[in-house]
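Notes follow the structure.
The values are calculated or read from the model by the stated rules, or taken from the named source; none is laboratory data. Note that the coordinates shown come from a computational prediction; the quantities given were computed from them, not determined experimentally. No Cβ is skipped: glycine too gets one built from the backbone with ideal geometry, and neighbour counts run over all protein chains shown. The area values use the complete protein model at the heavy-atom level, side chains included, leaving out ligands, DNA and RNA. Shrake-Rupley method; radii C 1.70, N 1.55, O 1.52, S 1.80 Å.
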Amino acid sequence: MLTVHNVSGGYINHPVIKDVDFSVKKGEFFGILGPNGSGKTTLLKMISGLLPCTKGSIEIAGKEITQVSRKELAQTIAVLPQISGQTFPYTVRETVALGRYAHLRGLFQTWRTSDEEILQTIMKQTNIEQFAEQSLHELSGGEQQRVFLAQALTQQPAILLLDEPTNHLDLAHQKGLLDLLKKATNEQDLTVISIFHDLNLASLYCDRLLLLNYGETKTLETPDQVLKESIIEEVYQTEVKNHPHPEIAKPQMHLLPNTTQAERKNAIDASLLEINPEQIVLKSPIPLRTLSSGVSGAGIGWHDCFVNRYVDKNYNCSSPVRDMQQHLLNHGCNLSKTVGMMTAVNLEHVSYRFWEDTDFSLLVVVTAGIGNATDSTRAPEGRETLPGTINTWIFVNGKLTEEAYIQSIMTATESKAQALRELDIKDKETNTIATGTSTDSILIAATQQGETLPYAGTATALGQAIGRSVYTETKNAIIRAQEQ
């Protein structure tokens, strides 16, 4: 659909764009990224024909842009600029109708039935029918942007060029606008070429990204290939972290603010534990990055309150999550910042210890009931789940990688199983050595301060410390529970 052949150009005595080469196929959503001054808008103006090329050429459907008449170009390419405060006092309908100008025929530019049908269809698609007779000045920024999008789509272009279309729009209007554009590429084969400042929005909606740096192509690939930490840090000169979107396979970039020394003097130790017959609570002075299987606060997140709640051995709640959340609310906990677990173990039998090493330290807390001990390799389907539970908390004063979080869980699970094996804890139904209980839960929480701890397997100091501590505290907690 569009081919840019080794293009250079820009302004007089200032060649902003240098040897840029790419092509965009029909129905593609193509994003242009780059820091301020990298040439994004200049390149868009060259594609639209507003600025000439000093070198190379631009072709549309195999025809060089310089050989296309202005009217033919207007029928092929539409431009949606950034929102401007300067607009004419037209009604919404009149503004959208301007998009048909390039298609009007005859000396008097006659408005035809087909033009009206296209106008009404586009206004309905962009959800601006209700504003038809209102002045453009009466609309919000997001509503105005929808009107200008409707104007561009009424042109019925093959290619739509956009310069930061979501600038100054709130989240709902950003999503609404980009959803409309994505739908048009999928259903109408519209080719969209858009400049983005927001890397994450570009990642979510674009099929490919062109990253410019000083007017040159830094990289041209799919979002997962362009939005890499090393590339973005080099081009934008700032520290970022790449994390996948939680719902779709798209990368998302996160800025890292500078932290002060005062923010790095926090450690989690046993002095923060509050133990009573109803619950064990640890309140951290800072948010901890957590990976847990708690009833509440499960998954990956940042939390500063941790609760292990006692329930009676006959406890059988049909809605454990809602019940746990109500318990936390009754005790003044912020649900968004709290990890909550349940156990039928007498909380006086908890076992915990602070473990120190040269580059890190650990607080490990274990409650262990074995009434529902299970051999996971032979557990029959449909077995009744009874409260009991081995709950394991591991607090790391250190900075863990994602790999280290996963390895911490592996190491802790292996150590728990070894403790059960040595104590000869058996699955009552299979009479084989238990590997855990049917309702076990685990928490790994790290301060994310200090030196990075990349691994937590048993070949590392961190893994060995987790292995020894979980093994020791699990055995102690089970022995205490058996002696009651």
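Taking only protein heavy atoms and a 1.4 Å probe, the accessible area of the stretch 366-484 is 49% carbon and sulfur. For G457, the amide hydrogen comes within under 5 Å of the amide hydrogens of G463, counting only partners 5 or more places away or on other chains and with H modelled in the peptide plane. Taking amide hydrogens as placed 1.01 Å from N in the peptide plane, the amide H of K218 sits under 5 Å from those of L211, L212, N213, each at least 5 positions away in sequence or on another chain.
Using a/c under 1.5 as the rounded threshold, could you call the stretch 12-62 rounded, prolate or oblate? The axes a ≥ b ≥ c are square roots of the C-alpha gyration tensor eigenvalues, and prolate needs a/b larger than b/c, oblate otherwise. Oblate is the answer for the stretch 12-62, as a/c is 1.5 or above yet b/c matches or exceeds a/b. From the coordinates of this entry, Cα extents along the principal axes in Å is computed, and it appears in [x] 101, 48, 44; [y] 74, 63, 48; [z] 73, 53, 44 under the label [x]. The phi torsions of the stretch 130-141, fed into the Karplus equation with coefficients 6.51, -1.76 and 1.60 and a -60° offset, translate into couplings of 5, 9, 3, 9, 7, 6, 4, 5, 7, 9, 6, x Hz, rounded to whole numbers, with Gly and Pro shown as x. Computed from label points 7 Å out along Cα-Cβ, the spacing between I248 and D357 is 4.0 nm. The Cβ shell under 13 Å around L80 holds other residues with a net charge of -1, Lys and Arg each +1, Asp and Glu each -1.
Could you pull out the trypsin sites (Lys or Arg not before Pro) across the stretch 375-476 that fall in loop regions by DSSP (anything but H, G, I, E, B) with no more than 15 other Cβ atoms inside 10 Å? Show your work: numbers first, answer last.
Values: sites: R378, R383, K399, K416, R421, K426, K428, R468, K475; in loops: R378, R383, K428.
Hits after loop and neighbour filter: R378, R383, K428.
With a Förster radius of 35 Å applied to the beta-carbon distance between M410 and Q237, the computed FRET efficiency rounds to 0.40.
Given the Cα-Cα distance of N276 and L104 and 0.36 nm per residue of separation, how much length would full extension add, in nm? If you can, show how the numbers build up before the last one.
Working: separation 172, 0.36 × 172 = 61.92 nm, distance 8.08 nm.
Additional length available on full extension: 53.8 nm.
In this label model, L171 and Q67 are separated by 5.0 nm, measuring between points 7 Å along each Cα→Cβ vector. Put a dot 7 Å past the Cα of D312, heading toward its Cβ, do the same for S135, and the two dots end up 7.1 nm apart. Coupling constants for the stretch 401-415 follow from the phi torsions by the Karplus curve (6.51 cos²θ - 1.76 cosθ + 1.60, θ = phi - 60°), and in residue order they are 7, 4, 4, 5, 4, 5, 5, 4, 5, 4, 5, 5, 5, 4, 5 Hz; glycine and proline get x.
Return the equivalent ellipsoid semi-axes of the stretch 43-163 as a descending list in whole Å, where each equals the square root of 5 times an eigenvalue of the C-alpha gyration tensor. Please report the intermediate quantities before stating the final value.
Numbers: eigenvalues 146, 65, 27 Å².
Three semi-axes, in Å: 27, 18, 12.
Computed 3J(HN,Hα) for the stretch 270-276, one whole-Hz value per residue from the Karplus formula 6.51 cos²θ - 1.76 cosθ + 1.60 where θ = phi - 60°, is 5, 5, 8, 6, 10, 10, 9, glycine and proline marked x.
Between the stretch 405-454 and the stretch 144-188, what is the separation of their alpha carbon centroids in Å? Rounded to whole Å, the Cα centres lie 51 Å apart.
In this structure, the amide hydrogen of V311, modeled 1.01 Å from its nitrogen in the peptide plane, lies closer than 5 angstrom to those of T343, A344, V345, counting only residues at least 5 positions away or on a different chain.
I want the antiparallel fraction of DSSP beta bridges within the chain, as a percent rounded to 5.
Working: 61 of 92 bridges.
If I count the DSSP bridges inside the chain, around 65 percent turn out antiparallel.
Measuring nothing but protein heavy atoms, the accessible surface of the stretch 206-336 at 1.4 Å probe radius is 49 percent carbon and sulfur.
Can you tell me the accessible area per residue over the chain, all protein chains present, probe 1.4 angstrom, in square angstrom? Kindly include the intermediate steps, with their values, before the conclusion.
Numbers: 23870 Å² over 484 residues.
I get 49 Å² per residue for the chain.
So how strong a dipole does the chain carry about its Cα centre when Lys and Arg Cβ are +1 and Asp and Glu Cβ are -1, to the nearest 20 debye? Let's see the in-between values first.
On the way: 42 positive and 55 negative charges, 129 e Å.
Around 620 debye, computed over the chain.
Comparing Cα centroids, the stretch 299-363 and the stretch 198-238 end up 41 angstrom apart.
The Cα atoms of the stretch 280-354 cover 36, 29, 22 Å along the three principal axes, with the biggest extent listed first. Using the Cβ-Cβ distance between E94 and N186 with R0 = 25 Å, the FRET efficiency computed as 1/(1 + (r/R0)^6) comes to roughly 0.25.
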